[in-house]
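The next block holds one structure in the form of structure tokens; read it before the comments.
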Amino acid sequence: MDGTKQGNNMDSRQNNDCLKQKESNQLQGKQCGRREFLSRALKAAAVGSAAMVSGCGTGLLGSSEESALKWQEYFKKNYRLMTPEEKDETIARLERLAKLRKGVDIQMSSTEPVEDVLFGYAFNLTRCEGFMECVAACVKENNLDRKSQTQYIRIFEMEPGEMTPESGNGKYFHKVPVENHFYMGVQCFHCENAPCIKACPTKATWREPDGIVVVDYDWCIGCRYCMAACPYYGRRFNWNEPQVPVKEMTKKQHYLGNRMRAKGQMEKCTFCVQRSRAGRLPACVEACPTGARVFGNLLDPKSEIRFVLKHKKVFRLKEELGTDPKFWYFID
Amino acid sequence: MKTPTLKSYFFRILPALLLILSGLQVYAGQGGVVATIKKATAPFNDEERVASVPLLPGDTVLVKTKYQGGIFWTETRKDKVERFKCSQCHNNKDVTIAGAAEMAHGDITSVHGGKQKPLSCFTCHKKDERDFLVTEKGLKVDMDHSYRMCGQCHFRQQKDWVGGAHGKRVSFWAGKRVVKNCTSCHDPHSPLFEKRWPRTYSRPLVK
Ligand code: SF4
Ligand code: SF4
């Protein structure tokens with residue numbers, strides 16, 4: 001039967017758009033009984049494929065390639081349950097969808113974590129001068145919504161002696177640095193014992209083996225429990241459909257990182273997973289003109305971050321909560 | 001009175017058991033990431049492990065100081081100095097152009113060393129070693145290795161720079177360690193960063 005045939009095809013993971021197109025054309029030429037339709041639909045649902053769309057459902061759901069891809073996207077698994085082939089398939093679909101919707105050629109990856117790497121971050125309170133180059137670089141790199149002006153990083157202007165950003169000025173806009181003030185950057189701290197992960201009812205957010213706390217945007221139901229659970233205000237919610245001008249879009253994307261989110265999905269800093277897993281520094285680190293930001297592998301005894309932890313006075317925010325963040329502040 | 005059966009006995013000690021168990025769990029969880037870090041002492045060969053580490057960029061030199069037992073590179077300076085080599089003009093021949101000094105170096109204002117002890121040109125540049133810098137102790141320093149010059153006074157910063165707490169790495173955390181030179185970020189003639197407007201401003205959080 002046709003449904004079975006297509007099901008098998010899906011199983012053998014032949015990710016060939018042309019092939020599918022050809023098959024769907026063949027299928028369209030055939031008469032479809034109600035029973036056949038239903039059984040095929042069931043099988044389609046079972047393998048999470050588009051048999052229904054490419055079969056008899058065409059009239060129902062529109063025959064365009066876009067809606068077929070969208071339909072298949074609905075049935076994909078949580079990222080952590082996907083086989084490598086399934087990851088490749090969804091990436092191919094997302095790349096194609098970006099092309100169809102916005103006419104933009106993106107390159108998406110699902111680069112896996114490197115073994116024996118645990119990412120950590122240190123922030124030099126003495127050096128930061130509040131220039132906010134990091135904020136701008138992050139917005140650009142991570143395709144953050146320009147409409148609501150989402151930002152992952154916030155910089156606070158602080159009086160001497162203050163230690164929590166709550167008492168700092170997060171709204172400054174004047175020439176910096178101001179005498180007798182210091183500047184403190186806050187973002188997601190990638191807690192080892194992250195309360196946001198525990199709060200998520202759909203397991204849409206988790207800690208990767210290299211320590212990065214990520215969100216599978218397509219599994220997020222937008223309940224914002226994680227946002228309430230995070231003691232550092234590290235998460236950002238998409239209240240509207242994120243808007244990024246195509247010519248400003250970062251095309252090199254990661255499934256768990258800077259790919260385009262949708263309305264109603266949670267997002268957050270990912271230590272630029274698309275960059276860091278390729279050995280590069282996160283955009284904020286690279287953009288910082290004062291070198292206040294240090295990033296590296298905590299498990300490498302020769303890394304710079306290890307030097308900072310060993311030789312500098314370091315502290316973490318709200319350490320008493322036991323969240324165990326991988327983000328340290330230090331002074332020269 | 002009934003003698004306690006095994007089952008009821010178990011229920012009686014259950015709270016104590018739970019307490020011990022939870023205590024054990026807290027104990028096991030102690031230390032967290034800091035303990036993990038302390039345990040990680042094996043060397044990590046990033047060039048082997050990270051697939052896409054870059055080649056060494058062209059405009060770098062090997063730093064003459066060791067970094068945690070290893071080696072590292074820094075950005076060159078000479079190729080960024082307009083009109084290097086200095087001895088092209090500063091040689092035995094007379095300079096015939098009027099106002100040549102003003103034309104060549106008029107853009108330099110030296111704001112370095114504070115009001116009490118301002119540095120002069122000749123603190124670092126010497127009349128008979130035009131193409132090099134010369135330290136207080138008379139050591140000739142190649143301009144690409146300007147960190148050796150700065151480190152005379154700013155030895156604390158130099159130590160942090162060698163370790164990685166001052167200055168910054170170029171582009172990659174993995175692969176060969178390439179860091180910015182002192183002169184990549186600081187103008188040696190007026191090394192303080194100028195005040196300026198921030199690039200953007202923070203948006204209030206929407207919850
Ligand atoms: S800082 Fe907040 S969002 Fe980031 S890992 Fe910790 S709890 Fe989660
Ligand atoms: S908003 Fe999304 S990621 Fe956060 S708790 Fe809800 S489902 Fe999970």
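The values are calculated or read from the model by the stated rules, or taken from the named source; none is laboratory data. All figures in this text were calculated on a predicted structure; none of them were measured in a lab. Backbone-built Cβ (ideal geometry, glycine too); neighbour counts: all protein chains shown.
Does residue A:252 meet the test of being away from ligand 2 (no atom under 15 Å from the Cβ) and in the same structural domain as residue A:137 (by TED's automatic domain parsing)?
Yes: the conditions hold for residue A:252.
Which members of segment A:272-282 meet the condition of being aliphatic (A, V, I, L, M) and either surrounded by fewer than 24 Cβ atoms within 10 Å (Cβ to Cβ) or within 11 Å of chain B (Cβ to nearest Cβ) (or both)? I'd like the intermediate steps shown before the answer.
We begin by selecting, within segment A:272-282, every residue aliphatic (A, V, I, L, M); these are A:273, A:278, A:281.
Scanning segment A:272-282 gives A:278, A:281.
Please specify each residue of segment A:245-261 satisfying the condition of being within 14 Å of chain B (Cβ to nearest Cβ) and crowded, with 24+ Cβ neighbours inside 10 Å.
The answer is none; no residue qualifies.
Can you tell which of B:77, B:148, B:130, B:83 is exposed (fewer than 11 other Cβ atoms within 10 Å of the Cβ) and of a type in the set (D, E, K, R)?
On the way: B:77 fails: exposed (fewer than 11 other Cβ atoms within 10 Å of the Cβ); B:148 fails: exposed (fewer than 11 other Cβ atoms within 10 Å of the Cβ); B:130 fails: exposed (fewer than 11 other Cβ atoms within 10 Å of the Cβ).
Just a single option satisfies the conditions, and that option is B:83.
Since residue A:288 meets every condition but one in (1) surrounded by 16 or more Cβ atoms within 10 Å (Cβ to Cβ); (2) away from ligand 1 (no atom under 16 Å from the Cβ); (3) closer than 24 Å to residue A:106 by Cα, which condition does it not meet?
Failing condition for residue A:288: (3).
From A:96, A:127, which residue is more than 10 Å from chain B (Cβ to nearest Cβ), farther than 17 Å from residue A:268 by Cβ and not in a strand (DSSP E or B)? Explain how you work it out, then say what you get.
Values: A:127 fails: more than 10 Å from chain B (Cβ to nearest Cβ).
Only one candidate passes the filter, namely A:96.
Within segment A:299-323, count every residue that is acidic (Asp, Glu) and more than 7 Å from chain B (Cβ to nearest Cβ). Full working, then the answer.
Going residue by residue through segment A:299-323, those that are acidic (Asp, Glu) are A:300, A:304, A:319-320.
Subsequent filtering for residues that are more than 7 Å from chain B (Cβ to nearest Cβ) retains A:319-320.
Final tally of qualifying residues: 2.
Does any residue of segment B:184-200 turn out to be crowded, with 18+ Cβ neighbours inside 10 Å and more than 7 Å from chain A (Cβ to nearest Cβ)?
Within segment B:184-200, one or more residues are crowded, with 18+ Cβ neighbours inside 10 Å and more than 7 Å from chain A (Cβ to nearest Cβ).
Given (1) away from ligand 2 (no atom under 16 Å from the Cβ); (2) part of a helix (DSSP H, G or I), where does residue A:185 come up short, assuming only one miss?
For residue A:185, the exception is condition (2).
May I ask you to verify whether residue B:157 is out of contact with any Lys or Arg (no Cβ under 8 Å at 6 or more places or on another chain), in a loop (DSSP other than H, G, I, E, B) and either closer than 29 Å to residue B:46 by Cβ or not small (Gly, Ala, Ser) (or both)? Steps first, answer last, please.
Numbers: out of contact with any Lys or Arg (no Cβ under 8 Å at 6 or more places or on another chain): yes; in a loop (DSSP other than H, G, I, E, B): no; either closer than 29 Å to residue B:46 by Cβ or not small (Gly, Ala, Ser) (or both): yes.
No.
Mind checking which residues of segment A:195-219 are within 14 Å of residue A:238 (Cβ to Cβ) and within 13 Å of ligand 1 (Cβ to nearest atom)? Even if it seems obvious, please write down each step before you answer.
Applying the first criterion (within 14 Å of residue A:238 (Cβ to Cβ)) to segment A:195-219 yields A:204, A:215, A:217-218.
Matches in segment A:195-219: A:204, A:215.
Assuming residue A:199 fulfils every condition listed in (1) at pLDDT below 95; (2) near ligand 2 (Cβ under 9 Å from one of its atoms) apart from one, which condition is it?
(1)
Residue B:148: touching a His at 6+ places or on another chain (Cβ under 9 Å) and closer than 30 Å to residue A:284 by Cα, yes or no?
Values: touching a His at 6+ places or on another chain (Cβ under 9 Å): no; closer than 30 Å to residue A:284 by Cα: yes.
No.
Within segment A:130-154, work out how many residues are touching a strand residue (DSSP E or B) at 6+ places or on another chain (Cβ under 6 Å) and either charged (D, E, K, R) or not in a loop (DSSP other than H, G, I, E, B) (or both).
1
On the basis of being surrounded by 17 or more Cβ atoms within 10 Å (Cβ to Cβ) and either under 17 Å from residue B:205 (Cα atoms) or within 16 Å of ligand 2 (Cβ to nearest atom) (or both), does residue A:217 make the cut?
On the way: surrounded by 17 or more Cβ atoms within 10 Å (Cβ to Cβ): yes; either under 17 Å from residue B:205 (Cα atoms) or within 16 Å of ligand 2 (Cβ to nearest atom) (or both): yes.
So residue A:217 passes the test.
Restricting to segment B:60-74, count the residues that are in a strand (DSSP E or B) and in contact (Cβ under 8 Å) with a residue 12 or more places away in the chain. Spell out how you get there, then give the answer.
Here is the first cut: in segment B:60-74, the residues in a strand (DSSP E or B) are B:60-62, B:67, B:70, B:73-74.
Remaining after also requiring in contact (Cβ under 8 Å) with a residue 12 or more places away in the chain: B:60-61, B:67, B:70, B:73-74.
So the count comes out to 6.
For residue A:174, indicate whether it is out of contact with any helix residue (DSSP H, G or I) (no Cβ under 9 Å at 6 or more places or on another chain), within 16 Å of ligand 2 (Cβ to nearest atom) and in a loop (DSSP other than H, G, I, E, B). Walk me through it before giving the result.
Values: out of contact with any helix residue (DSSP H, G or I) (no Cβ under 9 Å at 6 or more places or on another chain): yes; within 16 Å of ligand 2 (Cβ to nearest atom): no; in a loop (DSSP other than H, G, I, E, B): yes.
No; evaluated as a whole, the condition is false for this residue.
Can you name the residue in segment A:138-193 that is more than 16 Å from ligand 1 (Cβ to nearest atom), aliphatic (A, V, I, L, M) and more than 10 Å from chain B (Cβ to nearest Cβ) and, of all such residues, is surrounded by the most Cβ atoms within 10 Å (Cβ to Cβ)?
Step by step, filter segment A:138-193, then rank; the result is A:158.
When you scan segment A:228-240, do you find a residue that is surrounded by fewer than 19 Cβ atoms within 10 Å (Cβ to Cβ), in contact (Cβ under 8 Å) with a residue 12 or more places away in the chain, more than 16 Å from ligand 1 (Cβ to nearest atom) and of a type outside the set (A, V, I, L, M, F, W, C), even just one?
Among the residues of segment A:228-240, at least one is surrounded by fewer than 19 Cβ atoms within 10 Å (Cβ to Cβ), in contact (Cβ under 8 Å) with a residue 12 or more places away in the chain, more than 16 Å from ligand 1 (Cβ to nearest atom) and of a type outside the set (A, V, I, L, M, F, W, C), which makes the answer yes.
What single numbered condition from (1) within 20 Å of residue A:283 (Cβ to Cβ); (2) within 16 Å of ligand 2 (Cβ to nearest atom) fails to hold for residue A:113?
Tallying (1) within 20 Å of residue A:283 (Cβ to Cβ); (2) within 16 Å of ligand 2 (Cβ to nearest atom), residue A:113 fails exactly one: (2).
Residue-wise test of (1) in contact (Cβ under 8 Å) with a residue 60 or more places away in the chain; (2) in contact with a strand residue (DSSP E or B) (Cβ under 8 Å, 6 or more places away or on another chain); (3) within 13 Å of another protein chain (Cβ to nearest Cβ).
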position	(1), (2), (3)
A:243	yes, no, no
A:263	no, no, no
A:270	yes, yes, no
A:289	yes, no, yes
A:297	yes, yes, yes
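Any chance segment A:269-277 includes a residue that's within 15 Å of ligand 1 (Cβ to nearest atom), assigned to a strand (DSSP E or B) and among the aliphatic types (A, V, I, L, M)?
No - not one qualifying residue is present in segment A:269-277.
Give me the pairs, please: first residue somewhere in segment B:143-158 and more than 14 Å from every other protein chain (Cβ to nearest Cβ), second residue anywhere and part of a helix (DSSP H, G or I), beta-carbon distance under 7 Å, and either six or more positions apart or on two chains.
So the pair list comes out as B:143/B:78; B:144/B:78; B:146/B:182; B:146/B:183; B:149/B:124; B:150/B:158; B:150/B:182; B:151/B:158.
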